[in-house]
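The values are calculated or read from the model by the stated rules, or taken from the named source; none is laboratory data. Owing to the predicted nature of the structure, the values given are computational and were not obtained by experimental measurement. Note: ideal-geometry Cβ built from the backbone for every residue, glycine included; neighbour counts use all protein chains shown.
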Amino acid sequence: MLPILLPVGVFSAVGYLLGQRAAKKTAKGEEPIGPKEIRVEIIRDHVFSDESLILATEDVPLDNRFGDRVLTSDNEFQRTATVALDIDRSTEVNSSLRSGFGKIFSSEIAGELSRSLGVKIGSQISRRVRLNFSVSPHKKVLYRVIWKQESRRGEFEVLVNGKRRFRVPYLITYGLSHSVESIEDMDVYHPATTSAPETRESGQEG
């Protein structure tokens, strides 16, 4: 039995020594500080502007200049957009990002905007629409489908660990909608007009 028990005892002693070394490293504080120890509090959201941005346009020309009946066209359009957040990484914000808690800034701001606007940062939105266009006889019309996203530009005032304040500018684009414009060409049909023939009186020849 002795030859079998001896190796087991050796391995137990080695495991004990390794455990003691690991405990000493933890006691010396060699373990990196986790991000949960940084407290980020959003003080205020300064909104500078809310506006619509043109994402894309699609044109449908209808040429009925030589037709004598209404010309119709049935069309289907599809577009996908992404809810995107862009944080200004300049000046003091850039230095804070390099210091290690920039990701916390992004996470907190993304969460706040998601709650206030009812969106999810990074998600995609798809829309499919069917539109019927028509043009009268002897006319030419360009229909333009305009895809838009909403945008908000602002600046968050952030407090870190109850001491240091930062101003973090941001731009978020979200949502997806469409509108239609029609650009009518000039009327190229000119009905023929009738006029009385020109008459000229001739004098008497002597």
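Some observations on this one:
- Considering region 155-168, the residues that are part of a strand (DSSP E or B) and over 17 Å from residue 107 (Cβ atoms) include one that is modelled with the lowest pLDDT, namely 164.
- Scanning region 67-77 for residues that are surrounded by fewer than 10 Cβ atoms within 10 Å (Cβ to Cβ) and either over 9 Å from residue 133 (Cβ atoms) or among the basic types (Lys, Arg) (or both) yields 68, 69, 76.
For every residue, the table says whether it meets (1) at pLDDT 95 or above; (2) surrounded by 16 or more Cβ atoms within 10 Å (Cβ to Cβ); (3) within 18 Å of residue 52 (Cα to Cα); (4) in contact with a helix residue (DSSP H, G or I) (Cβ under 6 Å, 6 or more places away or on another chain).
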site: 106; (1), (2), (3), (4): no, yes, no, no
site: 128; (1), (2), (3), (4): yes, no, no, no
site: 131; (1), (2), (3), (4): yes, no, no, no
site: 144; (1), (2), (3), (4): yes, no, yes, no
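- Qualifying residue in region 25-45 (condition: at pLDDT below 50, hydrophobic (A, V, I, L, M, F, W, C) and in a helix (DSSP H, G or I)): yes
- Here residue 12 meets each of (1) over 30 Å from residue 105 (Cα atoms); (2) modelled with pLDDT of 50 or more; (3) outside any strand (DSSP E or B) with one exception, condition (2).
- Criterion applied to 111, 122, 162, 154 was being free of Cβ contacts under 8 Å to residues at least 12 places away in the same chain and more than 16 Å from residue 55 (Cα to Cα), and the one residue passing it is 111.
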